[in-house]
1. In nanometres, what is the gap between the two model label sites at residue 185 and residue 386, each 7 Å from Cα along Cα-to-Cβ?
2. Hey, rough spin-label estimate for residue 108 and residue 156, points 7 angstrom out along Cα→Cβ, what's it come to in nanometres?
3. Quick one: Cα convex hull volume of the chain, Å³ per residue?
4. I'd like the carbon and sulfur percentage of the solvent accessible area for segment 31-284, probe radius 1.4 Å, heavy atoms only, ligands and nucleic acids excluded.
5. Kindly provide the chymotrypsin sites (Phe, Trp or Tyr not before Pro) of segment 182-246 that DSSP labels as loop, not H, G, I, E or B, and whose Cβ sees at most 11 other Cβ atoms within 10 Å.
6. Would you kindly find the accessible area of residue 189, with a 1.4 Å probe and non-protein molecules such as ligands, DNA and RNA excluded, rounding to the nearest 10 Å²?
7. On the full set of protein chains, 1.4 Å probe, figure out the accessible area of residue 308 and give it in Å² to the nearest 10.
8. Over all alpha-carbon pairs of segment 372-427, lay out the pair-distance distribution in 10 Å bins, whole %, shortest bin first.
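The values are calculated or read from the model by the stated rules, or taken from the named source; none is laboratory data. Note that the structure is predicted; figures quoted are calculated from it, not measured. Counting neighbours? That spans all protein chains shown, and the Cβs are built from the backbone with ideal geometry, glycine included. Please note that ligands, DNA and RNA were not included when accessible areas were found on the heavy atoms of the full protein model with its side chains. Shrake-Rupley method; radii C 1.70, N 1.55, O 1.52, S 1.80 Å.
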Amino acid sequence: MGMGRWWVVVALVVAAAAEGAVEVAPATRRNAYAAMMYMGTPRDYEFYVATRVMMRSLGRLGADADRVVIASLDVPPRWVQELKDDGVKVVSVENLKNPYEKQGNFNMRFKLTLNKLYAWSLVSYDRVVMLDSDNIFLQNTDELFQCGQFCAVFINPCIFHTGLFVLQPSMVVFKNMLHELAVGRENPDGADQGFLASYFPDLLDQPMFHPPANGTKLDGTYRLPLGYQMDASYYYLKLRWSIPCGPNSVVTFPSAPWFKPWYWWSWPVLPLGLSWHEQRRDNLGYSSELPVVLIQALLYIGVIAVTRLARPSLSKMCYNRRMEKSTILLLTTLRVVAAWSILAAYTIPFFLIPRTVHPLLGWPLYLLGAFSFSWIVINVFLLHPLAVLTTWFGIIGALFVMAFPWYLNGVVRALAVFAYAFCCAPLIWGSLVKTMSSLQILIERDAFRLGEPNQTAEFTKLY
């Protein structure tokens, strides 16, 4: 009971602070598109870039509304200033304490998503369209401001999605929501999705929203047509949009965090990944990542050139051929080191590339990096180039198979990718076996000079 009272006091203090916190600038328009930003996740920068791209795209579409970002106080000042330079109004707020952290199914990446409730405190606006950053707007959606007090899309047949919803700001509602947090209202997932679904439990029974032709605003709650939140997974089935209800206006990506559309590896793995990057290219550009991309490319080219000119080889190893146990240990060690080196050659470049760079820059840079590191492995261990680079060629082939634009539908595309992987796997396995076998041959050759401890070291030329 004491803990419950403490939560009520905290909620009232936050509500009182919020009333003053949101008054950062007078509204210049009656309505607003809003998104939120907070810190504390491994992907803060990516969501910042995604928010800028979305807000700029709304401006290019001629949205007759303010663009607002509800930002926690720890968002870097440089990011805040860049948003303001884009014409976005920034509302700085304290993070709302999430009372559901102790739930068994709670995911820590949703810890601060309850900041979305601050949208109800934007009382200088008649209507607010609250957005997640992973939305792609295909056309102007200002008709949404005609909807009622709360409107949302049902992507799931029974639970509405909070990636886009319309609300009428109200401090009374906002304070009541904080009270409900304090008293522990049921929340299935501990995030904004579960809380709002619990707060508006009857939305499924409400009528579908159809904007009045005369531009008047509706009262009450409504379901929004699916065309306002087209789940990208619907596209992957037929490789085209076929949403019959409502305008096909907004694409959303409620997928795994590492497959959000702004990552360079999202395309061609996910066909729609390129769509987001095209919006970024048109609205924001890639000036922040290009210097890093250029430096990495030059370094990789330098590594290839130096390795080609130096032609390094293993130093002479002095072992007695009669020491069978030492020879076996040497062979085992070389196999392990070579295998891990090859794995590192294909892994390290992936993590060095700026995550939000365009896929048409990211994939060539990855392939260049993997080739340069593989070239080092080839020369150090005196391996056959084709055996080590079989995986490299396999990755190129997989990219072409996935990027092929004329598949009939997503099922055919998935089968083609599976067939390619099925045919390619034996080749990659065979190349690995050949690589391991070649190490044993090298030990028995003069390249390792086994059993000759008094000879001077030499470099072996690799042709």
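1. Label at residue 185, label at residue 386, 6.7 nm between them.
2. 2.4 nm
3. Value for the chain: 192 Å³ per residue.
4. About 53 percent, which is the carbon plus sulfur part of the accessible surface.
5. For chymotrypsin sites (Phe, Trp or Tyr not before Pro) across segment 182-246 that sit outside H, G, I, E and B with at most 11 neighbouring Cβ atoms in 10 Å, the list is empty.
6. Around 40 Å² of this residue is reachable by solvent.
7. For residue 308, the solvent-accessible surface is approximately 120 Å².
8. Pairs per bin, as whole percents: 21, 39, 24, 13, 2.
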